Amino acid sequence: MTVQQIQPVVPAQGRRFRAYSAKHLDQLTARAGLGEAERLAVRAVATVLPFRTNDYVLESLIDWSAAPHDPIYRLVFPQADMLPPEDVAPIASLLARGAPEQELQAAAHAVRRRLNPHPAGQLALNVPDLADEPLPGVQHKYPETMLIFPRQGQTCHAYCTYCFRWAQFVGEPDLKMATDDMTRVVAYLAAHPEITSVLVTGGDPMIMGTGVLRRYVEPLLGLEQLESIRIGTKALSYWPQRFVSDPDADDALRLFEQVSRAGKTLALMAHFTHPRELEPALVARAIGRIRAAGAVIRTQAPLIRTINDDPVTWSGMWRTQLRLGLVPYYLFVERDTGPQGYFAVPLVRAAEIFREAYSSVSGLCRTVRGPSMSATPGKVCVDGVADVAGQRVFVLHMIQARDPSLVGRPFFARFDPDAVWLSDLEPAFADRFPFESGPGPQFAAVGSDSELLASAD
Ligand SMILES: *Cc1c(COP(=O)(O)O)cnc(C)c1O
């Protein structure tokens, strides 16, 4: 194993942010001890999917003595087998013979098109209209919540290998959604008083300088209807300096205070994938400052095979979060996009992991919900497996739905040990799922079973 030192280990605090990209990948994977062929395959994967990391992740989070099996290494470094070999091999040969960039990009483009870049109908179904013109960079799927994707906030301090928004970062303009037109956004909100929560997301809005972030947040403060402004971010994990020592850290905290003073909650929706991300002392300092600014921090992450797929990882993470004053919010199922095949955990196992973790923590951690699939009809929660009238089924309910009348109503799917996503499921005791439209009654006339369930509905 060749452990190549890239640079001296120095504390990341106090240093300016510097990103590492695909061009540093060969050096970095050599540090993890990968051989030449594997390093080439990793570069091929990184031609298709985005790669970016930084000093803090490299020096304060990754355990290099455990790489390439270390979960944080796996969280940020592409894996040679993340994509099918028939996609990786041709790109690896192009790289090996120094093919021109154009040829590489054409090959990468073809692979990306096969990876379902915009799951859950994001580009078409959720983009609203204002005065009969589409409002790009905005999603309005559930009545009370609107998402904004700020144009300058569509990168992150580091990328997660499993990212469901990977298409935002690969430089294909037609795969991107973003806005910088707050005048139209505010006009849309004024026309939709049912919206009480705006979620600023990305990418990572905290990648923006505070001056730019302010241009997105301040126009929202005068809207009486808004109860909360949320910022989706992984900066607490990947660059906690953003809230402590960056030149505009204090200004970001003042902006958070301004939101509270305007009579709204600023909720930082923090993405934590693994308990190790909470260990550095710098994270506790950042959390302390954010909370002192009157903001609440809620946490969420997907369940990812080989990174956090065991109950002890989750219960440990929720407990540490509780100690630090954070509120566990969602455990997601890895979405049906990008390298889903590589990271997916079967739904039956996901429900088991959730239940085991959930049953071992105090009630204050049980604010968390999941495992939740953000799918086209809404957020579908897998409650578990049950035997009903002699049939093994998944019990499910919708946490959020395009059609709010479906929220919170139990429904059933036939048990399938291999199912990893909603699209793998078939309805049980009914001819379709409640969110599927169709003629006639939803529940099939199959005798006493259906009567039993119809009355439960
Ligand atoms: C999850 C999500 C929201 C927010 O839902 P909450 O349950 O309020 O957290 C809003 N819009 C979309 C598209 C989402 O996926």
Which residues qualify? For Leu199, with a placed amide H closer than 5 Å and at least 5 residues away or on another chain, they are Met146, Leu147, Ile148, Arg230
Which residues qualify? For Ala401, with a placed amide H closer than 5 Å and at least 5 residues away or on another chain, they are Lys379
Note, the range 184-193: 3J(HN,Hα) by Karplus (6.51, -1.76, 1.60, θ = phi - 60°), whole Hz, Gly/Pro = x, goes 5, 4, 5, 4, 5, 4, 4, 7, 10, x
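Pick out, in residue order, every one of the trypsin sites (Lys or Arg not before Pro) in the range 12-65 that is DSSP loop and has at most 13 other C-beta atoms within 10 Å; say none if there are none. Mind dumping the intermediate values first?
Numbers: sites: Arg15, Arg16, Arg18, Lys23, Arg31, Arg39, Arg43, Arg52; in loops: Arg15, Arg16, Arg18, Arg52.
Here the trypsin sites (Lys or Arg not before Pro) that fit, given the DSSP loop and packing criteria, are Arg16, Arg18.
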Long-range amide H partners of Gly370, meaning residues 5 or more apart or on another chain whose placed amide H is closer than 5 Å, are Leu331
Here the equivalent ellipsoid of the range 202-273, derived from its Cα gyration tensor, has semi-axes (largest first, whole Å) of 20, 14, 10
On each of the three principal axes the extent of the alpha-carbon atoms of the range 3-112, given in whole Å and largest first, is 41, 27, 22
Whole-Hz Karplus couplings 3J(HN,Hα) for the range 157-163, θ = phi - 60° and coefficients 6.51, -1.76, 1.60, Gly and Pro as x, run 5, 7, 9, 8, 4, 8, 3
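Rank-order 339-349, 234-244, 187-197 by packing density, defined as the average count of other C-beta atoms within 10 Å over each peptide's residues, highest first. Intermediate values should be presented prior to the final figure.
Values: 339-349: 20.1, 234-244: 25.1, 187-197: 15.2.
Packing order, densest peptide first, comes out as 234-244, 339-349, 187-197.
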Taking only the alpha carbons of the range 314-370, the radius of gyration and the largest Cα-Cα distance, Dmax, both in angstrom, are 12.6, 35
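Once the piece of chain linking Thr183 and Ser65 is laid out straight, how much longer is it, given 0.36 nm per residue of separation minus the C-alpha distance between them?
Details: separation 118, 0.36 × 118 = 42.48 nm, distance 5.09 nm.
This chain segment gains 37.4 nm when fully extended.
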Rg from C-alpha atoms of the range 137-242, normalised by the globular rule of thumb 2.2 N^0.38 Å, equals 1.06
HN-Hα couplings for the range 369-375 via Karplus (6.51, -1.76, 1.60; θ = phi - 60°), in whole Hz with x for Gly/Pro, come out as 10, x, x, 10, 9, 7, 10
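Return the FRET efficiency for the residue pair Ala281, Gln27: r is the Cβ-Cβ distance, R0 is 35 Å, and the value is rounded to the nearest 0.05. Before the final figure, lay out the partial values.
Details: r = 28 Å, r/R0 = 0.81.
So, using R0 = 35 Å, E works out to roughly 0.80.
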The Cα extents of the chain along the principal axes, largest first and rounded to whole Å, are 70, 53, 48
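Two-decimal Rg/Rh of the range 244-322 from alpha-carbon positions, Kirkwood Rh?
Values: Rg = 14.4 Å, Rh = 13.9 Å.
The Rg/Rh ratio comes out at 1.04.
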To the nearest 20 debye, the chain has a Cα-centred charge dipole, built from +1 on Lys and Arg Cβ and -1 on Asp and Glu Cβ, of 1340 debye
Over all pairs of different Cα atoms in the range 366-419, the reciprocal of the mean inverse distance gives a Kirkwood radius in Å of 11.7 Å
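Coordinate-derived values only; no laboratory data. Just so it is clear, the model here is predicted, and its values are computed rather than measured. Counting neighbours? That spans all protein chains shown, and the Cβs are built from the backbone with ideal geometry, glycine included.
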